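Chemist: Take a look at the following structure, please.
What follows draws every value from the coordinates through simple rules; no lab data is involved. Just so it is clear, the model here is predicted, and its values are computed rather than measured. In this analysis, Cβ positions are derived from the backbone assuming ideal geometry, glycine residues included, and neighbour counts consider all displayed protein chains.
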Amino acid sequence: MMRSCIIYLATLSLFYTGACQTNRKAQTPMPSMTKTVFGKLPDGREVYQYTLTNQAGCKVQIINYGATVRSLYVPDRNGKIEDVVLGYDNLQGYIDGTAYFGAIVGRYGNRIGKGRFQLDGKTYQLTINDGENHLHGGKVGFNKVLWDATVIRDTDNPCLRLQYVSPDGEEGYPGTVTLKVTYTLTEKNEVRIDYEGTTDKPTILNPTHHSYFNLTGAFTNTILGHLLLIEANDFTPVDEGLIPLDLIMSAEGTPMDFHNATAIGARISNQDEQLAIGKGYDHNWVLTRKFENRIRKAAELYEPASGRLLTVFTDQPGLQFYSGNFLDGTAKGKNGIAYQHRTGLCLEAQAFPDTPNKPRFPQVTLRPGQIYRQTTIYQFSTR
Ligand code: BGC
């Protein structure tokens, strides 16, 4: 198996022309997948970087530490291909980093109030790592572990499957959870993420993807000029610890209303209690329910200068829009660029924050014999 995999990689890499950095019309690379060593963990295990390239010349680089998208090269309206996600040049950046750049986050994306929840009459206490709350899976979440990677061959598109087995009790969660995350780069310039999770005891599971997008092509620019549309009428207001009040509120007439495409910077400094608490946008939108559990459009992010358009599709009930409010220049990213305030934004498809403590929200309980599934697609085009 290992041997055939290596041969496959070697064969594919023969076709890779590296054309992404140049005008894509000049060359037509074959879809390909290459694998290189990205670094070594302190315990000696090697971390690999997989480079997926499609025929249109788009490229996504994924490392198996944190199942992380490290870079994502897509064209602007003139065919210029540039990286649109924040990340680090080396493994140490990911080991030390606290911003979850590009990672798969879990077991629970976003916060659980006081890190506590009840399931089948039993109370579970999770690691507290954000004030008095639990955030993004705890101190060592899915973003800080090494995943097993397998190149998937039975598809026309470059496709990488990552798997992590989270032991019973990890960060306080019950049950051994096995999560498979499959990244596919399609010819429609989509990064498709399919999740599949199982457990051996009743538990909760709500993973998400945490890329910070900046469609301008330069990470020194802020994201305030990007236009955002969210397919939602309502959002979940939060308390001072960013835990949802047990409320679903209409966004209409508030700075949370993104029903029509609106510049992120247009209202971010408005006098508004929710914006003050979030230090900007850091909220969950209740995606239109009509097609719940089916993949439907969740959001559009458009950057007028480059013409890049990101359309997000998902089968999840919620979308967390985080406007990079905690970026403050301390994270030194790719090419030595210090990521300043609001130079990247996240669109995280998931169930609502603190769902296990809010019985009226769509639930995330997973029991033995059930399969957790999620599909989220980040599609890139131009206008
Ligand atoms: C959360 C933010 C948090 C950030 C961490 C986002 O998903 O909503 O509150 O600070 O992740 O980088």
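Chemist: Under 27 Å Cα-Cα from Lys201, which lysines qualify once same-chain neighbours fewer than 8 residues away are excluded?
Modeler: Lys114, Lys122, Lys139, Lys144, Lys180, Lys358
Chemist: Calculated from DSSP H runs of 4 or more alone, at -39500 (n - 2.57) each and per residue, what is the 222 nm mean residue ellipticity of the chain, nearest 500? The partial results should precede the final answer.
Modeler: On the way: 3 runs with 26 residues, N = 383.
Mean residue ellipticity, 222 nm, calculated: -2000 deg cm²/dmol.
Chemist: Which percent of Cα pairs goes in each bin when the distances of segment 65-179 are cut into 10 angstrom slices starting at zero?
Modeler: 13, 34, 31, 16, 6, 1
Chemist: Now, a different point. Starting from the Cα of Glu132, step 7 Å along the direction of its Cβ; do the same at Arg289; then give the gap between the two resulting points in nm.
Modeler: 3.1 nm
Chemist: At 7 Å along the Cα-to-beta-carbon direction for both Ile152 and Gln55, put a label point, then send me their distance in nm to one decimal.
Modeler: 2.0 nm
Chemist: While we're here: Across bins of 5 angstrom width beginning at 0, how are the C-alpha pair distances of segment 224-285 distributed, in whole percent?
Modeler: 4, 20, 29, 29, 14, 4, 0
Chemist: Counting every Cα pair in segment 45-97, what percent are over 15 Å apart? Provide the component values of the computation, followed by the final result.
Modeler: Details: 672 of 1378 pairs.
Here the long-distance tail beyond 15 Å is 49 percent of all Cα pairs in segment 45-97.
Chemist: Right, something else. On the Cα set of segment 262-383, report Rg and Dmax in Å, please.
Modeler: Cα radius of gyration and Dmax of segment 262-383 are 16.7, 49 Å respectively.
Chemist: While we're looking at this one, here's another question. For the chain, rounded, prolate or oblate, judged on the Cα gyration tensor with a ≥ b ≥ c (square roots of eigenvalues), a/c < 1.5 rounded, else prolate if a/b > b/c?
Modeler: On the way: a/c = 1.64, a/b = 1.17, b/c = 1.40.
Taking the square roots of the gyration eigenvalues as a ≥ b ≥ c, the chain is oblate.
Chemist: What relative contact order, as a whole-number percentage, does the chain give when Cα pairs under 8 Å and 6 or more residues apart are counted?
Modeler: Details: 1013 pairs, mean separation 61.2, N = 383.
The value is 16 percent.
Chemist: Mind giving me the FRET efficiency for Leu245 and Met30? R0 is 41 Å, r the Cβ-Cβ distance, nearest 0.05 is fine.
Modeler: Values: r = 52 Å, r/R0 = 1.27.
So the FRET efficiency works out to roughly 0.20.
Chemist: Residues with beta-carbon under 10 Å from that of Thr150, excluding Thr150: net charge, scoring Lys, Arg +1 and Asp, Glu -1?
Modeler: On the way: positive: Arg153, Arg161, Lys180; negative: Asp148.
Around Thr150, the charge tally is +2.
Chemist: Could you give the size of the charge dipole of segment 47-186 about its Cα centre, using +1 on the Cβ of each K and R and -1 on the Cβ of each D and E, expressed in debye and rounded to the nearest 20?
Modeler: Roughly 160 debye for segment 47-186.
Chemist: Okay, moving on. HN-Hα J couplings of segment 149-158 from phi, Karplus 6.51/-1.76/1.60, θ = phi - 60°, integer Hz, Gly and Pro as x?
Modeler: 3J(HN,Hα) across segment 149-158, in whole Hz: 10, 9, 7, 8, 9, 8, 8, 6, 9, x.
Chemist: Could you line up Glu132, Glu303 from fewest to most neighbouring Cβ atoms inside 10 Å? Present the calculation step by step, with values, prior to reporting the outcome.
Modeler: Working: Glu132 10, Glu303 24.
So the ranking, lowest neighbour count to highest, is Glu132, Glu303.
Chemist: OK, next. Can you sort Phe313, Phe352, Phe326 by how many other beta carbons sit within 10 Å, fewest first?
Modeler: Values: Phe313 19, Phe352 25, Phe326 15.
Ranked by crowding around the Cβ, least crowded first: Phe326, Phe313, Phe352.
Chemist: Tally Lys and Arg at +1 and Asp and Glu at -1 over the other residues with C-beta under 9 Å from the C-beta of Gln49: what net charge comes out?
Modeler: On the way: positive: Lys35, Arg70; negative: none.
Computed value for this residue: +2.
Chemist: Additional query: If I model a spin label as a point 7 Å beyond the Cα along the Cα-Cβ vector, how far apart are those points for Asp200 and Ala266 in nm?
Modeler: The two pseudo-label positions are separated by 5.3 nm.
Chemist: When the Cα centres of segment 246-317 and segment 320-362 are compared, how far apart do they sit, in Å?
Modeler: Between the Cα centres of segment 246-317 and segment 320-362 lies a distance of 13 Å.
Chemist: Name the shape class, rounded, prolate or oblate, that the alpha-carbon gyration tensor gives for segment 242-326, where a ≥ b ≥ c are the square roots of its eigenvalues, rounded holds for a/c under 1.5, and otherwise prolate holds if a/b is larger than b/c and oblate otherwise. All intermediate terms of the calculation are to be shown ahead of the outcome.
Modeler: Details: a/c = 1.84, a/b = 1.09, b/c = 1.69.
Taking the square roots of the gyration eigenvalues as a ≥ b ≥ c, segment 242-326 is oblate.
Chemist: Whole-Hz Karplus ³J(HN,Hα) for segment 258-263, in order, using 6.51 cos²θ - 1.76 cosθ + 1.60 and θ = phi - 60°, x for Gly and Pro?
Modeler: 3J(HN,Hα) across segment 258-263, in whole Hz: 10, 5, 9, 4, 9, 4.
Chemist: Given that compact globular proteins tend to follow 2.2 N^0.38 Å, what is the ratio of the alpha-carbon Rg of segment 129-241 to that value?
Modeler: Numbers: Rg = 17.7 Å, N = 113, 2.2 N^0.38 = 13.3 Å.
Compactness ratio reported: 1.33.
Chemist: While we're on this one: With the radius of gyration and the Kirkwood radius both derived from the Cα set of segment 312-383, what is their ratio Rg to Rh? Working shown, then result.
Modeler: On the way: Rg = 16.7 Å, Rh = 15.2 Å.
Reported Rg/Rh (Cα atoms, Kirkwood Rh): 1.10.
Chemist: For the chain, what is the charge dipole size about the Cα centre, in debye to the nearest 20, if Lys and Arg each add +1 at the Cβ and Asp and Glu each add -1 at the Cβ?
Modeler: Numbers: 39 positive and 38 negative charges, 196 e Å.
My answer is approximately 940 debye.
Chemist: While we're here: Pick out, from Ser306, His341, Ala351, the residue whose Cα sits farthest towards the positive end of the charge dipole of segment 279-383, with +1 on the Cβ of Lys and Arg and -1 on the Cβ of Asp and Glu.
Modeler: Ala351
Chemist: Taking the alpha-carbon centroid of each part, what is the distance from segment 137-181 to segment 93-125 in angstrom?
Modeler: The two parts, judged by their Cα centres, are 14 Å apart.
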